[in-house]
Amino acid sequence: MKIIVCLKQVPKNDSILRINDQGNWIQDRDLTYEINESDAYGLEAALQLKEKQGGEVIALSLGPARVQSVIKEALARGADRGIHLEDPAFDKLDAYGIAAVISAAAKAEGFDLLLTGLQSDDYGFAQTGVIAAELLGLPHATIVMDVQPGDGSLRVKRELENGYFQWVSMPAPAVLTIQSGINTLRYATLKGIMGAKKKEIKKLDVTALGIDKAALAPRMEFLRVYVPQKSKQTQFIEGSPAEIAASLMEKLRNEARVF
């Protein structure tokens, strides 16, 4: 089984975020980065499938030179090789543009499974994997909690609302977006870290992928990012105890909406 896992590099959760001078995103010069949480669970799911079924796990990441650390981390954990999608044309892509680049790379490589995290910790659109599936013309499932491969088919468990789950059968190849927490993440061993140095990381740019740069023009953009303004307000409720209680209940129900 040949599995491509998409890994995004995102700011660490404890990073101090500052708005940039343009006011449309955060400053990136002082940030430290890590693998997106749900992508890390996707990588672990791929490695476990490889251990059970055999095959190959390919770690794919899009971004500047710094994202190679994400690929190397995946290689140290057990991925077989990496693909780094790097080109100035890939800067500031929206979800559609990222999906277009990923789908072009995945199609050229060939695969049985394409895994992405459910959503990224920075943008949180939860659209990249779904759009990639559409561009590839493949079946997909979202919020996946378990993957059971069969003979040319898959059976996956999806998380629904209110504690419900859904089992779905589909043909392979397919695209799955993985939910966080479906497994226990492994750490890179010293042997894995040393072995990662010998593994291939292939670089691909817009020319190698045969993508028209005009097709990557953003379909959406951030106009303004700002820190929410905190405010306090105190209200005095007067009247008899019964009137005060009735007024308080009305405010909690209709204004605070806690009931």
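Here are the numbers for this structure:
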read-out: In the stretch 64-81, the residues that are crowded, with 21+ Cβ neighbours inside 10 Å, under 17 Å from the mean Cα position of the chain (by Cα) and not β-branched (Val, Ile, Thr); value: 73, 74
read-out: Filter result (among the polar types (S, T, N, Q) and more than 17 Å from residue 126 (Cα to Cα)) within the stretch 1-55; value: 13, 15, 20, 22, 24, 27, 32, 48, 53
read-out: Matching option when the condition is surrounded by fewer than 10 Cβ atoms within 10 Å (Cβ to Cβ) and part of a helix (DSSP H, G or I), among 245, 208, 256, 214; value: 214
read-out: Test set (1) surrounded by 10 or more Cβ atoms within 10 Å (Cβ to Cβ); (2) part of a helix (DSSP H, G or I) - residue 239 fails condition number; value: (2)
read-out: Unmet requirement for residue 166, which otherwise passes all of (1) farther than 18 Å from residue 50 by Cα; (2) polar (S, T, N, Q); (3) within 18 Å of the chain's Cα centre (by Cα); value: (3)
read-out: Enumerated helices (runs of 4 or more DSSP H) restricted to the stretch 52-167, each holding at least 2 residues that are at pLDDT 95 or above, more than 18 Å from residue 5 (Cβ to Cβ) and charged (D, E, K, R); value: none
read-out: Residues of the stretch 155-177 that turn out to be buried (at least 21 other Cβ atoms within 10 Å of the Cβ), in contact (Cβ under 8 Å) with a residue 24 or more places away in the chain and of a type in the set (A, V, I, L, M), as a count; value: 3
read-out: So residue 181, is it over 25 Å from the mean Cα position of the chain (by Cα) and either touching a residue at least 24 places away in the same chain (Cβ under 8 Å) or closer than 30 Å to residue 138 by Cβ (or both); value: no
read-out: Test: residue in the stretch 27-48 that is under 15 Å from residue 116 (Cβ atoms) and in a loop (DSSP other than H, G, I, E, B); value: yes
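The values are calculated or read from the model by the stated rules, or taken from the named source; none is laboratory data. As the structure is a computational prediction, the values presented were derived from the model and not from experiment. In this analysis, Cβ positions are derived from the backbone assuming ideal geometry, glycine residues included, and neighbour counts consider all displayed protein chains.
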